[in-house]
Amino acid sequence: MTSQGQAAWELLLPAVGAPARRRGRALQEALREAVRSGRLAAGTRLPSTRELAADLGVSRGLVTEAYEQLTAEGYLRSDRGAGTWVGGAARAAVRGARDLAAGAPGTRVDFRPGTPDLSLFPRSAWAAAQRSVLARLPHPALGYPDPRGLPELREALAAMLTRRRGVVADPERLVVCSGVAQASTLLGFVLRARGLRRVGIEDPGSPEHGRLFASTGMETVWLPLDEEGLRPEPLAGSGVRAVVVTPSHQFPSGISWSAERRAALLDWARTVDGYVLEDDYDGDFRYDRAPVGALQGLDPERVAYAGSVSKSLAPGLRLGWMLVPEALLDEVVERKRTMDLGNPVLDQAVLAEFVTRGGYDRQLRRCQRAYRERRDALLAALAEHLPGTRVSGIAAGLHVIARVPGRFGPSVRFLARAAEAGVALRPLEEYGTARPADGDVRLVIGYAHLPPASVTTGIRLVAEACARD
């Protein structure tokens, strides 16, 4: 046996043990992988089909077919009368798959905001909705959908949003998106195509808004807030004609914009011929009274309203919506079509079923009970273990702003001690340009994803760590 034949035999012998009907494909896969990994180096001459077939104990036709297939793909090259050689085009692929999802390795209690309790996802009810959808969905419905979304989902969402959030919801102007993130980028691309180059974001606010609009080529401008909402004077002097806001429960400050500031923002938009993107990220979660209605209901021609199921069901579903002003609708829909040809049909149909059958309302009530209990546990733990801490903002949402007295600080030391104790925390200064002038520690504490016992444990661990010198 030649050296080339010996090498090929050792590499390919396991493939001939495959069932007869799969032997040819297994041989091709083994040979392809040997070339790709470099075990058969570029320029290596392979044994003839007759020799290799004899060495492996298979038919010559099986080897001939494998050589021809891999030659057509570029793994091998064949010179007439000169044999078959390993080509030089193949390169080894990077092995393994990394998980780039956000995480905090080694953390005992993670207070970073933005995550709901994923254990509350209604698996049984969702599975029942899936079975119902698969049983009745007609075959044509599995084709490319309307880029705005399935009509039945747009109608279900429009009715639900009108009832729960007080919006003006025409199903014809509702676009199903992959969450608020895609809604933001869709709007950013459309506004930039119209000549806008800058967008205002709240200060403090979510840096993610800036990153999303930056990906569309737009510059972001931080606009300061006070206890009532966006301050009118800096907005008027900024020169922007588009802003992103969270007026029902401002992130992260936790305030609800006053009626006067809402009206002032809309007056500004009309004056400059501008647009507002309202991110209603947690508008359903108010614990002391009925939620304040959405800003969009006051002027649907100036406000694009975006929301999602990320806080109520799970962010991994990647399902959200945007109610689009009439003047922007065609451009948004065309951009959505070219971006992804629409969201997955089955997921949309299941959500429509879930909403229309009352499952979504039941899920919201379940989450509200759980999150209210966890917020209460957090306030009690702060009062007990970090006395003097003040919590600001309305009783709503999935996070609080906590101002911890300076005697537990300074901030750098406080955060370092918390990390040493295995507790992940986010300071308020990560969400804007302002920096605290006093010695207090300002934190944005997320609690919704933590059981009450874990909430209490986390705050106790921080207090104990800060007490050590």
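The values are calculated or read from the model by the stated rules, or taken from the named source; none is laboratory data. For clarity, every value in this text was computed on a predicted model and none was experimentally measured. Here the Cβ positions follow ideal geometry from the backbone for every residue, glycine too, while neighbour counts run over all protein chains shown. All accessible areas refer to the heavy atoms of the entire protein, side chains included, with ligands and DNA or RNA removed. Shrake-Rupley method; radii C 1.70, N 1.55, O 1.52, S 1.80 Å.
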statement: Counting sequence-distant residues (5 or more places) and residues on other chains, those with an amide H built under 5 Å from that of residue 200 are 221, 242, 243, 244
- prompt: What do you reckon, how do 162, 271 stack up by accessible area (1.4 Å probe), largest on top?
  reply: 271, 162
statement: For the chain, the accessible surface attributable to carbon and sulfur atoms (probe 1.4 angstrom, ligands and nucleic acids excluded) amounts in percent to 51 percent
Of all DSSP beta bridges in the chain, antiparallel share, percent nearest 5: 60 percent
statement: Distance in nm between residue 139 and residue 10 label points, each 7 Å along Cα→Cβ, equals 5.3 nm
task: Output ³J(HN,Hα) for the range 150-165: one whole-Hz value per residue in order, computed from phi by the Karplus curve 6.51 cos²θ - 1.76 cosθ + 1.60 with θ = phi - 60°, and x for Gly and Pro.
output: 4, x, 5, 6, 4, 5, 5, 5, 4, 5, 5, 5, 4, 6, 8, 10
statement: Note on the range 113-235, DSSP bridge orientation, antiparallel percent to nearest 5 equals 25 percent
- prompt: Taking Rh as the Kirkwood radius, which is the inverse of the mean 1/r over Cα pairs, what is the Rg/Rh value for the range 395-434?
  reply: 0.99
message: Through the Karplus equation 6.51 cos²θ - 1.76 cosθ + 1.60, θ set to phi - 60°, convert the phi angles of the range 237-249 into ³J(HN,Hα) values in whole Hz; use x for Gly and Pro.
response: x, 7, x, 7, 10, 8, 9, 10, 9, 10, x, 6, 8
message: Using a Förster radius of 60 Å, what is the FRET efficiency between residue 146 and residue 457 based on their Cβ-Cβ separation? Nearest 0.05, please.
response: 0.80
Residue-span extension gain [residue 20 to residue 334] - 0.36 nm each, minus C-alpha spacing: 108.0 nm
message: Accessible area per residue for the chain in Å², computed with a 1.4 Å probe and the full protein assembly in place, what is it?
response: 46 Å²
- prompt: Between rounded, prolate and oblate, where does the range 193-235 land on the alpha carbon gyration tensor, with a ≥ b ≥ c its root eigenvalues, rounded for a/c under 1.5, else prolate if a/b exceeds b/c?
  reply: oblate
Helical mean residue ellipticity (222 nm; -39500 (n - 2.57) per DSSP H run of 4+; nearest 500) of the chain: -14000 deg cm²/dmol
- prompt: In nm, what is the difference between 0.36 nm times the number of residues separating residue 128 and residue 271 and their Cα-Cα distance?
  reply: 46.5 nm
query: So, in nm, how far is label residue 42 from label residue 392 when the simple model puts each one 7 Å beyond its Cα toward the Cβ?
result: 6.2 nm
field: Surface accessible to a 1.4 Å probe, residue 167 within the full protein complex, Å²
entry: 10 Å²
- prompt: What residues have an amide H closer than 5 Å to that of residue 274, excluding those fewer than 5 places away on the same chain, when H is modeled at 1.01 Å from N in the peptide plane?
  reply: none
field: Whether the range 281-322 is rounded, prolate or oblate, judged on the alpha carbon gyration tensor where a/c under 1.5 counts as rounded
entry: oblate
query: What is the gain in length, in nm to one decimal, between residue 78 and residue 91 on full extension, counting 0.36 nm per residue of separation less the C-alpha to C-alpha distance?
result: 2.8 nm
query: What FRET efficiency would be calculated for the residue pair residue 228, residue 434, taking the C-beta separation as r and a Förster radius of 22 Å, to the nearest 0.05?
result: 0.85
Vicinal HN-Hα couplings computed from phi for the range 118-130 (Karplus, 6.51 cos²θ - 1.76 cosθ + 1.60; Hz; Gly/Pro x): 6, 6, 7, 4, x, 4, 5, 5, 5, 5, 5, 5, 4
query: residue 286's amide H: which non-local residues (gap 5+, or another chain) put their own amide H closer than 5 Å, with H modeled 1.01 Å from N in plane and none for Pro or chain starts?
result: 397
